[in-house]
1. When the stretch 45-98 is examined, which residues are found to be surrounded by 11 or more Cβ atoms within 10 Å (Cβ to Cβ) and aromatic (Phe, Trp, Tyr)?
2. When Thr123 is evaluated against the numbered criteria (1) modelled with pLDDT under 90; (2) of a type in the set (Ser, Thr, Tyr); (3) within 18 Å of the chain's Cα centre (by Cα), which criterion, by number, is the only one it fails?
3. When Leu160 is evaluated against the numbered criteria (1) part of a helix (DSSP H, G or I); (2) open to solvent by less than 70 Å² (accessible area, probe 1.4 Å), which criterion, by number, is the only one it fails?
4. Quick check on the stretch 122-135: of everything there that is assigned to a strand (DSSP E or B) and open to solvent by less than 100 Å² (accessible area, probe 1.4 Å), which residue is farthest from Arg112 (Cα to Cα)?
5. For Gln154, only one of the following conditions fails: (1) under 23 Å from the mean Cα position of the chain (by Cα); (2) open to solvent by less than 80 Å² (accessible area, probe 1.4 Å). What is its number?
6. Can you tell me which residue among Tyr95, Tyr106 is among the aromatic types (Phe, Trp, Tyr) and either touching a Cys at 6+ places or on another chain (Cβ under 9 Å) or assigned to a helix (DSSP H, G or I) (or both)?
7. If you scan the stretch 126-163, which residues turn out to be among the aromatic types (Phe, Trp, Tyr) and in contact with a Phe, Trp or Tyr (Cβ under 9 Å, 6 or more places away or on another chain)?
Amino acid sequence: MERERWKNEKRQVDDASLSGLKGEAGFTYLELVIAMSVLLILLPALFFITRTFMSEIKGLDGKERLVMESMAFSGYIHQELKQGSHFRMDNGSLYFQLPNGDTVCYRHQKRRVIRSVRAQGETAFKGNTILLQDVYYIAFVPDPVGVGMKIGMQNWNASLDWSTYVAGRVRTSDEAE
């Protein structure tokens with residue numbers, strides 16, 4: 001008897017919990033297919049847009065880095081070349097004299113522009129300073145009064161080509177004598 005009563009109560013509870021769901025329809029197969037189709041169309045488009053956006057951001061960042069490096073190099077080299085005189089080329093390297101008699105050499109080696117100095121009275125260049133990196137091309141074009149430069153830079157995400165001209169030190173009448 002106890003067992004009969006328990007079965008009846010259980011049936012009543014099951015019927016009550018299912019009666020609230022009988023009016024609910026849920027997703028039909030057609031709705032599910034449409035939702036999945038829309039998802040399959042939108043996911044590749046979203047991936048493509050995100051990938052394009054990220055590559056554009058990387059390109060802008062790479063270009064900005066090259067511009068900043070070139071500006072720093074340009075400022076430094078302008079200051080030094082303005083003091084220089086006797087500009088000449090040898091094996092693709094630029095040599096010039098500073099007012100104190102030191103000789104400066106700028107050379108392109110392993111995608112870098114390297115500066116070395118030979119003090120007055122010495123025979124060897126000492127000290128190497130890396131002035132610019134990511135350089136795939138540099139051409140120095142000296143003339144009697146200054147130096148023109150054409151520089152190509154490239155990193156993983158961008159490239160930059162630029163040129164500049166710096167006039168050297170003007171000789172005074174005291175130096176000519």
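The values are calculated or read from the model by the stated rules, or taken from the named source; none is laboratory data. This structure is a prediction, so every number in the text was calculated from the model and none was measured. FYI the Cβ positions are ideal-geometry reconstructions off the backbone, even for glycines, and counts take in every protein chain you see. Quick note on the areas: whole protein, heavy atoms, side chains included, nothing else; ligands and nucleic acids left out. Shrake-Rupley method; radii C 1.70, N 1.55, O 1.52, S 1.80 Å.
1. Passing the criteria: Phe73, Tyr76, Phe87, Tyr95, Phe96.
2. Here Thr123 clears every test but (3).
3. Tallying (1) part of a helix (DSSP H, G or I); (2) open to solvent by less than 70 Å² (accessible area, probe 1.4 Å), Leu160 fails exactly one: (1).
4. Among them, the one singled out is Gly127.
5. The single condition Gln154 does not satisfy is (2).
6. Matching residue, one of Tyr95, Tyr106: Tyr95.
7. Within the stretch 126-163, just Phe140 meets the criteria.
Here is a yes/no grid of residues against (1) of a type outside the set (A, V, I, L, M, F, W, C); (2) modelled with pLDDT of 95 or more; (3) farther than 24 Å from Gly62 by Cα:
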site	(1), (2), (3)
Ala119	no, no, yes
Asn128	yes, no, yes
Asp143	yes, no, yes
Ser159	yes, no, no
Glu177	yes, no, yes
